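The values are calculated or read from the model by the stated rules, or taken from the named source; none is laboratory data. Everything numeric here is computed off the predicted structure, so don't read it as measured data. Reconstructed Cβ throughout: ideal geometry from the backbone, glycine too, with neighbour counts over all protein chains shown.
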Amino acid sequence: MSDIKFPIYLDHHATTPVDPRVLKEMMPYFTEKFGNASSLDHPFGYDASVAVEEAREIIANAIGARHDEIVFTSGATESDNIALIGTMQKYADRGNHLITCVTEHKAVLDTAKHLEKLGKKVTYLPVNEYGEINLEQLENAITPETVMISIMFANNEIGTIADVASIGEIAHKHDVIFHTDAAQAVGHIPVNVGTMNIDLMSFSAHKMYGPKGIGVLYVRGVKPRVKQDGLFYGGGQERNIRSGTLNVPGIVGFGKAMEIAVSEMNSENKKFKEWTEIMLKEFEKIGGKLNGHRTKRLTHNLNVYFPGIESKAIINSVSKEIAISAGSACTTEMVEPSHVLLALGLDEDVTHYAIRIGIGRFNGQKEIEFSLEKICSIIESLKKI
């Protein structure tokens with residue numbers, strides 16, 4: 001095992017390491033190319049502005065958008081906030097109703113709760129045992145007051161991929177704006193905002209081997225054009241949607257990360273699918289149960305539970321050698337059951353048995369084999385306690 005570097009990182013849904021090729025691209029923009037992209041009176045600012053626009057073009061092309069539809073933010077959480085609050089404010093004369101889903105990321109759920117405090121009406125759609133919404137139920141939830149629908153592209157806990165194109169089609173049929181949090185999808189699976197009927201889309205660099213602190217909100221510019229109110233006031237950057245000095249190194253890194261992700265997506269997914277299928281097969285042999293959909297899922301995601309065995313016991317037992325996470329969300333003071341797993345219909349006790357494995361670009365075959373053997377061995381040991 002001397003060629004394996006410990007601990008093995010298998011929590012790539014939480015964040016990813018910066019790809020060395022991305023870091024190399026970013027470095028000059030911390031030092032010699034440090035200009036403010038809004039200062040166009042001299043070469044420093046001009047060079048920074050050019051770099052920003054080149055990255056914007058790369059990102060736009062990757063998702064089938066126009067370059068002027070890409071708005072840079074601090075991350076997907078901010079993008080979600082701008083998308084939901086900005087849209088509901090801008091279209092207040094049209095209605096006051098938002099439709100979302102019970103398994104959304106907290107960035108959407110907590111923003112929806114905030115909107116409720118402001119007097120907006122929110123419908124939270126349930127999901128089936130695989131984490132999918134019912135499209136008929138979605139359409140029936142639309143009222144004359146409905147302004148927007150926000151449904152996650154791929155779930156961060158269980159990896160289930162939504163039928164985004166159909167959701168967008170239903171939204172447009174009723175003249176409703178469709179937003180999707182695609183933080184776990186962009187850079188990992190093919191995404192096209194045009195063919196998938198997406199009006200607003202949030203995603204971030206650190207989920208695709210780019211830097212933290214930089215995200216994107218895609219805002220449809222034509223057919224139909226979506227108008228946004230910004231949450232910040234100041235310099236009017238990013239079409240007045242997101243004021244503030246642009247994070248040039250982060251944006252450059254985002255562009256490079258996207259470029260690499262698109263070029264290596266197919267080969268990575270093939271490899272990840274092989275590994276997760278092998279792992280799932282072995283886990284099922286010792287009583288493991290899959291959370292999420294068996295086929296409509298992210299290839300690098302595996303969320304499983306082992307009846308009667310606490311996830312924390314597994315995680316703590318392997319922590320010196322393997323980094324994995326629980327299926328429950330931890331707050332500073334308490335461990336709450338995962339709202340995603342509860343929504344699937346699992347009992348609260350069962351939600352505390354789940355572990356999430358997220359495979360990544362820099363994992364190797366030997367790391368996967370070691371991790372699988374170690375986790376299975378620990379589970380068999382814990383069964384005897």
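Among the residues of the stretch 93-114, what is the count of those that are under 11 Å from Asp181 (Cβ atoms) and in contact with a strand residue (DSSP E or B) (Cβ under 6 Å, 6 or more places away or on another chain)?
4
Residue by residue through the stretch 1-37, note down the ones that are under 24 Å from the mean Cα position of the chain (by Cα), in a helix (DSSP H, G or I) and either without any contact (Cβ under 8 Å) to a residue 24 or more places away in the chain or surrounded by 18 or more Cβ atoms within 10 Å (Cβ to Cβ) (or both).
Hits for the stretch 1-37 are Pro20, Val22, Glu25, Met26.
Out of Lys227, Lys212, Lys207, I need the residue that is charged (D, E, K, R), surrounded by fewer than 21 Cβ atoms within 10 Å (Cβ to Cβ) and at pLDDT 95 or above. Which one?
Being charged (D, E, K, R), surrounded by fewer than 21 Cβ atoms within 10 Å (Cβ to Cβ) and at pLDDT 95 or above holds for just one of Lys227, Lys212, Lys207, which is Lys212.
Counting only residues that are of a type in the set (D, E, K, R) and at pLDDT below 95, which one in the stretch 357-385 is surrounded by the fewest Cβ atoms within 10 Å (Cβ to Cβ)?
Lys384
Take residues that are touching a Cys at 6+ places or on another chain (Cβ under 9 Å) and within 16 Å of Tyr130 (Cβ to Cβ) and tell me which of the strands (runs of 3 or more DSSP E) falling wholly in the stretch 144-205 contain 1 or more.
Strands (runs of 3 or more DSSP E) meeting the threshold: none at all.
Of the conditions (1) farther than 26 Å from Pro126 by Cα; (2) crowded, with 19+ Cβ neighbours inside 10 Å; (3) in contact with a Gly (Cβ under 8 Å, 6 or more places away or on another chain), Ala76 clears all except one; give me its number.
(1)
Could you please give the count of residues in the stretch 83-129 that are of a type in the set (Ser, Thr, Tyr), out of contact with any helix residue (DSSP H, G or I) (no Cβ under 8 Å at 6 or more places or on another chain) and surrounded by fewer than 20 Cβ atoms within 10 Å (Cβ to Cβ)?
The qualifying residues number 1.
With respect to Asp11, determine if the residue is within 30 Å of Lys366 (Cβ to Cβ), among the charged types (D, E, K, R) and at pLDDT below 95.
So Asp11 fails the test.
Tell me which residues, restricted to the stretch 312-331, are more than 9 Å from Pro7 (Cα to Cα) and either among the basic types (Lys, Arg) or modelled with pLDDT under 95 (or both).
Lys312, Ala326, Gly327, Ser328, Ala329, Cys330, Thr331
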